[in-house]
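One structure below.
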Amino acid sequence: QVQLVESGGGLVQPGGSLRLSCTASGTICSLNTMAWYRQAPGKQREWVAGITYGGLTNSADSVKGRFTISRENAKNTVYLQMNSLKSEDTAVYYCKATMTGNRIYWGQGTQVTVSS
């Protein structure tokens, strides 16, 4: 079994920064794409950013230029650096990992609240 554990969420003022981390543990064969999603109250979960094993990245238009996804393969960890945070970034952020055989795992989520 594989577990994903997110950390780094919290309360931050508009314009501030946070860095989220997500580490995979357990029986890991091959971590392929890793991604961050978020879900705001009353809204559907949405994709935020993704990164391949080789480091190719992509992100949603709403966060381009503000959020950066990165990973450390040796540590089975993916990061989301979030800068210039806005109130509309408030959500629970989830980490998703896709492994060999298209097995998908989700973390439990970490709350990010942007408020003055």
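The values are calculated or read from the model by the stated rules, or taken from the named source; none is laboratory data. Quick caveat: nothing in here was measured; it's all calculated off a predicted structure. Here the Cβ is made from the backbone with ideal geometry for all residues, glycine too, and neighbour counts use every protein chain on show. When the accessible area is computed, the model is the full protein with side chains, heavy atoms only, and any ligands, DNA or RNA have been set aside. Shrake-Rupley method; radii C 1.70, N 1.55, O 1.52, S 1.80 Å.
Are any residues in region 10-31 more than 13 Å from ASN83 (Cα to Cα) and either modelled with pLDDT of 95 or more or part of a strand (DSSP E or B) (or both), and if so, which ones?
Residues satisfying the conditions are GLY10, LEU11, SER21, CYS22, THR23, ALA24, SER25, GLY26, LEU31.
With respect to (1) over 16 Å from the mean Cα position of the chain (by Cα); (2) within 11 Å of TYR93 (Cβ to Cβ); (3) of a type in the set (Val, Ile, Thr), the lone exception for THR27 is condition (2). Would you say GLY65 is of a type in the set (Gly, Ala, Ser), open to solvent by less than 80 Å² (accessible area, probe 1.4 Å) and at positive phi? Here the answer is no, as GLY65 does not meet what is asked.
State yes or no: is LYS96 assigned to a strand (DSSP E or B), among the basic types (Lys, Arg) and at negative phi? It is true that LYS96 is assigned to a strand (DSSP E or B), among the basic types (Lys, Arg) and at negative phi.
Taking the conditions exactly as written (open to solvent by 20 Å² or more (accessible area, probe 1.4 Å) and out of contact with any Ser or Thr (no Cβ under 6 Å at 6 or more places or on another chain)), does ASN102 satisfy them or not?
Values: open to solvent by 20 Å² or more (accessible area, probe 1.4 Å): yes; out of contact with any Ser or Thr (no Cβ under 6 Å at 6 or more places or on another chain): yes.
Yes: the conditions hold for ASN102.
No other residue among ALA97, ALA91 is open to solvent by less than 20 Å² (accessible area, probe 1.4 Å), within 16 Å of LEU11 (Cβ to Cβ) and touching a strand residue (DSSP E or B) at 6+ places or on another chain (Cβ under 8 Å) apart from ALA91.
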